[in-house]
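As structure tokens, the structure follows; a few thoughts come after it.
The values are calculated or read from the model by the stated rules, or taken from the named source; none is laboratory data. Keep in mind it's a predicted model, so treat the numbers as computed, not measured. Positions of Cβ are backbone-derived with ideal geometry, glycine not excepted, and every protein chain shown enters the neighbour counts. The area values use the complete protein model at the heavy-atom level, side chains included, leaving out ligands, DNA and RNA. Shrake-Rupley method; radii C 1.70, N 1.55, O 1.52, S 1.80 Å.
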Protein chains: 4
Amino acid sequence: MKQTAKIMNSNKKIKVGIVGVTGYTGQVLLSLLAKHPNVQIHFLGSNASSGQLIQQTLPQFNHLASLPVLQKAEDINYAELDCIFTATPNGFAGKLAEEIIDSKVKLIDLSADLRFKDAQTYDEWYSPLKAPKAKVLESAVYGLPEFNRERIQQAQILANPGCYPTASALGILPLLQDALVTTEDIIIDAKSGTTGAGKKAEESLLFSEITESFSAYKVNKHRHTPEIEQSLQSFSKSENSSRIFVRFTPHLLPIKRGILCTIYLKPVKASLDSIKASFHKHYANKQFVKYVDETPATKHVYASNRCHINASLDERTGILIVTSAIDNLMKGAAGQAVQNFNLMFGLDESLGLI
Amino acid sequence: MKQTAKIMNSNKKIKVGIVGVTGYTGQVLLSLLAKHPNVQIHFLGSNASSGQLIQQTLPQFNHLASLPVLQKAEDINYAELDCIFTATPNGFAGKLAEEIIDSKVKLIDLSADLRFKDAQTYDEWYSPLKAPKAKVLESAVYGLPEFNRERIQQAQILANPGCYPTASALGILPLLQDALVTTEDIIIDAKSGTTGAGKKAEESLLFSEITESFSAYKVNKHRHTPEIEQSLQSFSKSENSSRIFVRFTPHLLPIKRGILCTIYLKPVKASLDSIKASFHKHYANKQFVKYVDETPATKHVYASNRCHINASLDERTGILIVTSAIDNLMKGAAGQAVQNFNLMFGLDESLGLI
Amino acid sequence: MKQTAKIMNSNKKIKVGIVGVTGYTGQVLLSLLAKHPNVQIHFLGSNASSGQLIQQTLPQFNHLASLPVLQKAEDINYAELDCIFTATPNGFAGKLAEEIIDSKVKLIDLSADLRFKDAQTYDEWYSPLKAPKAKVLESAVYGLPEFNRERIQQAQILANPGCYPTASALGILPLLQDALVTTEDIIIDAKSGTTGAGKKAEESLLFSEITESFSAYKVNKHRHTPEIEQSLQSFSKSENSSRIFVRFTPHLLPIKRGILCTIYLKPVKASLDSIKASFHKHYANKQFVKYVDETPATKHVYASNRCHINASLDERTGILIVTSAIDNLMKGAAGQAVQNFNLMFGLDESLGLI
Amino acid sequence: MKQTAKIMNSNKKIKVGIVGVTGYTGQVLLSLLAKHPNVQIHFLGSNASSGQLIQQTLPQFNHLASLPVLQKAEDINYAELDCIFTATPNGFAGKLAEEIIDSKVKLIDLSADLRFKDAQTYDEWYSPLKAPKAKVLESAVYGLPEFNRERIQQAQILANPGCYPTASALGILPLLQDALVTTEDIIIDAKSGTTGAGKKAEESLLFSEITESFSAYKVNKHRHTPEIEQSLQSFSKSENSSRIFVRFTPHLLPIKRGILCTIYLKPVKASLDSIKASFHKHYANKQFVKYVDETPATKHVYASNRCHINASLDERTGILIVTSAIDNLMKGAAGQAVQNFNLMFGLDESLGLI
């Protein structure tokens, strides 16, 4: 990591671009990076509002002076940048990655384009989009820092995990790694706030439709299903990793930010004590993930990069229930992206996040 | 009212059509009319979903059997109907009124098309739309039953009042009629739930934008301003009626249904007792409007056709504060439309509403 | 049912009392019964507000004239009544049932006191309360009309089911009866609005604590667990009924009314078609329960007595996901109580409910 | 300010205590001070949870290590502290101020105890509480930094303004100072989120009561009325300052955090340009208050210490409408308290706030 070292030594700021900055994830990214001590924001991309200052559409940024004018995504000049964050619809970052892979610029993508090792899975679940070239997919590193730190530190192209996959993997992986639960009986009943759906002007996302209601959606069909399975398979260190598959049911909560996953697992000769011990051991020196003694609420992690996890063992029925809570825009998106950024540039992992 | 009398005598159901039935107001109209003992629903118009059954888009109507298939608004055959309800965007009902004015069918319009006596006001505030022909405007009756009952009973074409104008007029008119407040110092600080904005897929109406926030909108520019003024001028019985004008500031509440108007008035030698007496007198035999001793909350009138009104006189500063609460989809739209329907067809005013 | 028949013949109104009328369930009961064509409200009990009119605390009832003054629960004179509804904290109705069991008055209890056939289960889960006498428990009929109609029609003492148990049983029982799912792998991930917790002035139920948050609670410990199991065991018609047990995880939604249960089941050689057919068959002539083709939302059953159910079979993982939605205050409490009342008094099942 | 200077020079941390840390304001204070570079948290007072760590009741503070155990408020040893923040019910800080006035410790009180120069006003509006001794009231400085900076910099005892008074004064004072509006016709229609009411376990503050509803409360009777008037009178620089009085109507919003004041004023020969110019001039170098071109929404200042202000002049009716938005827990309480703390200790005004 010569480049990074140089930047750090010279105290030179890291020049950053954000594409898709006016979306919900992009906004949080901007908030975080604008306060980050080592960052200079050099490019802000927004197709919808190009030519304007972001303050003109989003008055919450009124206090930020000297931000660059919004530009079209395509006008990004990556040679001028040290790092690009893409908070764009699926299909954009894959192409950008193909362009920049031979340059020095680093890419942190918050879309799904670079998450799959297997192009076929992407092609199938994200049809009619097509996966990026194999060279790019091979190069891309899945950015779950608690389980992939070393590769992240070396990454040029980083695939930032989805929100549901983050909350799910953090609640399951310690137990899979320690072989405390079976691989074949995983059920994830997940609930997300509305910013997870993005800033799309759709009837079904109107306040009048969502307030005072609750429902499941895309049952058995949500695109995060294969991502969760790949994540569990990659990091489980289990002999049975190829036989890990999950039933994943997402629901839409009438809240803005927050994900809670209620995960049903079959313990393998495991006591609640051994399960707690597993979580404590795996997250002992992970400052953003914490086992808590009461069932977590999304408000406890609101606007933070933390994940709270609790486990409950039903002796009567032999089921283990793990609940994990994150803020979908933080640990589930922009916060984790900044955590990955810190690791990729040799900075303290929590810089700009606490 | 020969026609009506005949219908009633023969116990024949009144054949009704609803145009714009899938909007928020249309939905509530359908709920009410489907339970109304004297109504047969004969036509349901929805341009967006024509060809379907309404249950296919709106499962809350699953319990209603034998509803007609949704049709294009333009396919309405008014000769087959006794009464048409239009819950359509502005611009539709005015033209329909021009067509049906020489027929026997009655029209109850919930848009703004037929509310203004003065075409110029409509042309100005609803530009680029144009007011309907003078013949239609003259014929149209403003449907505020508590102050215009007799004309409503004779109406063929009825302009159902706007939601803000209803809540405002009910809170002010008794005091203007009794000359207890000045005509020139009326301030209406109004707050509405999101269904008042209709089912428009706009970014600003997304759950993620509205929950946990609050703001004013269209300050000094809302189209209900001239309607409120016309309503107050028409029914005030005041010598100064031409000098009645209002400052009207609407705000958007993070709730689905409900309007609260906080109205600031200058009393003219009026005690709180005389003000209360005025409300009690005017609404003594009006079953849907009630003076209450505590400040009203929108939840107290949720899903009802009622209006709750309270007054508070600040002796220290000489200001009178009237608060009035309605459900914008009921007394502010569909409920009042059914109330008007009952009056127009010689039925008990509260039929299908309690 | 001589008595009932007599009442019906003579067109005499059924004299009804509601104890606990100012709670959320009690309020909805009052709304329904006040509009019920065969009911005369004769007694309203509220310890907190005795001596007042209900309108003084709850202005939403302002339109109801001639209601009796609120009295202490203990002042009920059951000899004057044909039917008592108890919407009281656990512990009250059991004692009342012991008193009235030898009289002619019928009792419909919305608390948990009379739901358990096995006193020991009640004593254990509702400690320190004690189950009512055996004579009462034997006499009490569990009021799930879709599966217990005939006994309900003959009941003097009726135990109205809990909200979670209703939504759960309606989503599972057809499949158990038709042996389409295993008995031992039932997981119910349930989410409820806040009125399910009652009108308790507790910090954890404050708006500031609940809005914009979500969490599980009482994981593995909720009192509805044994009730769900008893209900499934009683009505499953399964040889394995003694081996039916459930994992039940309740969550608190930031909404006022509504329950959604997401139920995970293991199908036994069942296709999705056979599962749908089972629901359609069982609910063919049940007007309040309906299989729907899209995943149900709680808003679709808001303020109605209906239950909407959908099933989804994940071929890939072999799991069946059933979602069922009710309004916890209606089909989950007061609405079902009125449905039971209609059956107990020989009336049309849906009277006052549609 | 010798003491302060010394602290700064030696780079010694400022030792701080927070009394009432588990309330909503106290929690935000703790979040801010825990990240403040010059602060060491030395005492945390909470009568309700004394003896525990704050993380045990409030898991959102799980990431904060090495906080002192919660103690009874009365156990505070002020001699060990440089600064005490009191986020306590009215009645506590007044007594504490009497104790510490002759010591070196500084006090920043977020209750109403020290806000009134006139003991009689406090005694009347806060009865049965009694105002602190005259010596204390004289010494206390009203902490509205945009209008009282110099006195704040010298203060030992600081009265942090109320939330409504802050939003009101910031929207009115520039215009009063520039004589652009009359002093006698001020109407403030104010709307606040529920945290403004504190963490009181009252029925009226339950989620079930507040969601999907809206109402005014304490019309003409809210205790912030005299505080707003005192603030306007103190800082207006107007000849008519004694004749400044306001009509203040608070409303409760179904949101957690946020205040919007809609202020009606009578302009005195003022154009909209002159009004905008006045705001721009007064807030030119005030980083936390900003005139914005669109009507502000509370979400734009959520969790920030900023105030956004907009003005609209209705030429037709001659009324000026000013809207001002703050976060009631930040600029309306804890944020402003930290801003005052920074000024009192000679630090950069925005330290720990941006």
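Of the listed requirements (1) out of contact with any Cys (no Cβ under 8 Å at 6 or more places or on another chain); (2) more than 15 Å from residue A:63 (Cβ to Cβ); (3) at pLDDT 95 or above, residue D:327 misses just one: (2).
Residue-wise test of (1) in contact with a His (Cβ under 7 Å, 6 or more places away or on another chain); (2) of a type outside the set (Gly, Ala, Ser); (3) at pLDDT 95 or above; (4) buried (at least 22 other Cβ atoms within 10 Å of the Cβ).
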position: D:225; (1), (2), (3), (4): no, yes, yes, yes
position: D:229; (1), (2), (3), (4): no, yes, yes, no
position: D:240; (1), (2), (3), (4): no, yes, no, no
position: D:259; (1), (2), (3), (4): no, yes, yes, yes
position: D:306; (1), (2), (3), (4): yes, yes, yes, yes
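Among the residues of the stretch B:172-181, those identified as out of contact with any strand residue (DSSP E or B) (no Cβ under 8 Å at 6 or more places or on another chain), crowded, with 19+ Cβ neighbours inside 10 Å and outside any loop (DSSP other than H, G, I, E, B) are B:173, B:174, B:176.
Which one of these is open to solvent by less than 30 Å² (accessible area, probe 1.4 Å), in contact with a strand residue (DSSP E or B) (Cβ under 7 Å, 6 or more places away or on another chain) and assigned to a loop (DSSP other than H, G, I, E, B): C:44, C:96, C:29, C:67?
C:67
Yes/no per residue for (1) at pLDDT 95 or above; (2) under 22 Å from residue B:350 (Cβ atoms); (3) crowded, with 20+ Cβ neighbours inside 10 Å:
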{"position": "B:18", "(1), (2), (3)": "yes, yes, yes"}
{"position": "B:48", "(1), (2), (3)": "no, no, no"}
{"position": "B:88", "(1), (2), (3)": "yes, no, yes"}
{"position": "B:114", "(1), (2), (3)": "yes, no, yes"}
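Among the residues of the stretch A:228-250, those identified as among the small types (Gly, Ala, Ser) and more than 18 Å from the chain's Cα centre (by Cα) are A:236, A:238, A:241, A:242. With the structure loaded, tell me whether residue B:286 is crowded, with 24+ Cβ neighbours inside 10 Å and part of a loop (DSSP other than H, G, I, E, B) or whether it fails that test. Against the criterion (crowded, with 24+ Cβ neighbours inside 10 Å and part of a loop (DSSP other than H, G, I, E, B)), residue B:286 does not qualify. Here is the figure for the stretch D:311-328: residues that are assigned to a loop (DSSP other than H, G, I, E, B) and either open to solvent by 10 Å² or more (accessible area, probe 1.4 Å) or closer than 19 Å to residue D:276 by Cα (or both) total 4. Within the set A:237, A:218, A:269, the sole residue that is under 30 Å from residue B:255 (Cα atoms) and of a type in the set (D, E, K, R) turns out to be A:218. The criterion of being in a helix (DSSP H, G or I) and within 23 Å of residue D:325 (Cα to Cα) holds for residue D:167.
Taking the criterion of being within 14 Å of chain A (Cβ to nearest Cβ) and touching a Gly at 6+ places or on another chain (Cβ under 9 Å), the residues of the stretch D:333-354 that qualify are D:339, D:353.
Looking only at residues that are away from chain A (no Cβ under 14 Å) and within 17 Å of residue B:56 (Cβ to Cβ) in the stretch C:289-304, which one is most open to solvent (accessible area, probe 1.4 Å)? Within the stretch C:289-304, the match that is most open to solvent (accessible area, probe 1.4 Å) is C:290. Can you tell me which residue in the stretch A:116-142 is most open to solvent (accessible area, probe 1.4 Å), limited to those that are polar (S, T, N, Q) and in a helix (DSSP H, G or I)? Here the answer is A:120. Of everything listed in (1) under 22 Å from the mean Cα position of the chain (by Cα); (2) over 18 Å from residue D:254 (Cβ atoms), the single unmet condition for residue C:253 is (2).
Any residue in the stretch A:143-158 that is open to solvent by 30 Å² or more (accessible area, probe 1.4 Å), closer than 30 Å to residue B:60 by Cβ and free of Cβ contacts under 8 Å to residues at least 40 places away in the same chain? Among the residues of the stretch A:143-158, not one is open to solvent by 30 Å² or more (accessible area, probe 1.4 Å), closer than 30 Å to residue B:60 by Cβ and free of Cβ contacts under 8 Å to residues at least 40 places away in the same chain, which makes the answer no.
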